[in-house]
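What follows is calculated from the coordinates using simple rules that are stated; it is not laboratory data. No experiment lies behind these values; they were computed from the predicted model shown. Neighbour counts are summed over all protein chains in view; Cβ atoms, including those assigned to glycine, are modelled from backbone coordinates with ideal geometry.
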Amino acid sequence: MIRINLLPHREEKRRARRQQFYALLGLITILAGLLVFLVYSIIGGYISAQDAKNDFLQKEIAVLDKQIDQIRRLKEQSQALMERKRVIESLQRDRAEAVRLLSELVKQMPEGVYVRSLKQEGQKISLNGYAQSSARVSTLMRNIEASPWLEKPQLIEIKAVTVDKRRLNEYSMNASIKRAANPAQGGKK
């Protein structure tokens, strides 16, 4: 009988399988490393792209904040200018008010009534003076009520006094000035 020793052949196959296993293991390790590197690179690219977008948005937000600040300052300046315009319009509208007030008082003043002092605070005027009788003071009040420029006469006090050896009535009263409607406000509702 012939005996064939197959041991070196089997040993050879085992060694070949072992080499194949190690080669496959090395190849899988290299592929896994490449795959990890590829995933890491892709994620890094996404992160850098998002960082670039965030930086761009931050820059644009800063530009918009500056523009908002400029708009806010322009609005403040516009409001200040509008307030100045209103004051100037008010002054122009009311510049002849003192002349008109004195003219109207002369027209409405009955005979025998004298004004000692006149004081204006805004639309309110205070009259102090003398009258020959209390009836003339009531006539003055009716005249003021009927006046197109004056309204709301309000008698504060009337008392009898002697001035230069003449018996007179000293009076104090308040009234209001009727102002024409502001044309700018009349058009708005």
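Only one of (1) surrounded by 14 or more Cβ atoms within 10 Å (Cβ to Cβ); (2) within 16 Å of Leu150 (Cβ to Cβ) is not met by Gly112, so which one is it?
The number of the failed condition is (2).
Tally the residues that are within 13 Å of the chain's Cα centre (by Cα) and either in contact (Cβ under 8 Å) with a residue 12 or more places away in the chain or not in a helix (DSSP H, G or I) (or both), restricting the search to the stretch 66-93.
Matching residues across the stretch 66-93 total 0.
Which condition number does Tyr130 fail, the rest of (1) among the hydroxyl-bearing types (Ser, Thr, Tyr); (2) surrounded by 14 or more Cβ atoms within 10 Å (Cβ to Cβ); (3) not in a strand (DSSP E or B) being met?
Result: Tyr130 fails condition (3) only.
Please give the number of the condition Ser138 fails out of (1) surrounded by 18 or more Cβ atoms within 10 Å (Cβ to Cβ); (2) part of a helix (DSSP H, G or I); (3) more than 46 Å from the chain's Cα centre (by Cα).
Failing condition for Ser138: (1).
Would you check which residues across the stretch 141-170 are touching a strand residue (DSSP E or B) at 6+ places or on another chain (Cβ under 7 Å) and either among the acidic types (Asp, Glu) or outside any strand (DSSP E or B) (or both) and list them?
Once the filter is applied, which keeps residues that are touching a strand residue (DSSP E or B) at 6+ places or on another chain (Cβ under 7 Å) and either among the acidic types (Asp, Glu) or outside any strand (DSSP E or B) (or both), the stretch 141-170 yields Met141, Ile144, Glu145, Trp149, Glu151, Glu157, Glu170.
Can you tell me which residue among Val36, Val99 is part of a helix (DSSP H, G or I), surrounded by fewer than 10 Cβ atoms within 10 Å (Cβ to Cβ) and out of contact with any Phe, Trp or Tyr (no Cβ under 8 Å at 6 or more places or on another chain)?
Val99
Looking at (1) among the β-branched types (Val, Ile, Thr); (2) outside any helix (DSSP H, G or I); (3) within 30 Å of Pro148 (Cα to Cα), can you tell me which one Ile2 breaks?
Unmet for Ile2, out of (1) among the β-branched types (Val, Ile, Thr); (2) outside any helix (DSSP H, G or I); (3) within 30 Å of Pro148 (Cα to Cα): (3).
Filter the stretch 141-179 for residues that are of a type in the set (A, V, I, L, M) and either under 41 Å from the mean Cα position of the chain (by Cα) or surrounded by 14 or more Cβ atoms within 10 Å (Cβ to Cβ) (or both) and give the result.
Correct list: Met141, Ile144, Leu150, Leu155, Ile158, Leu168, Met173, Ala175, Ile177.
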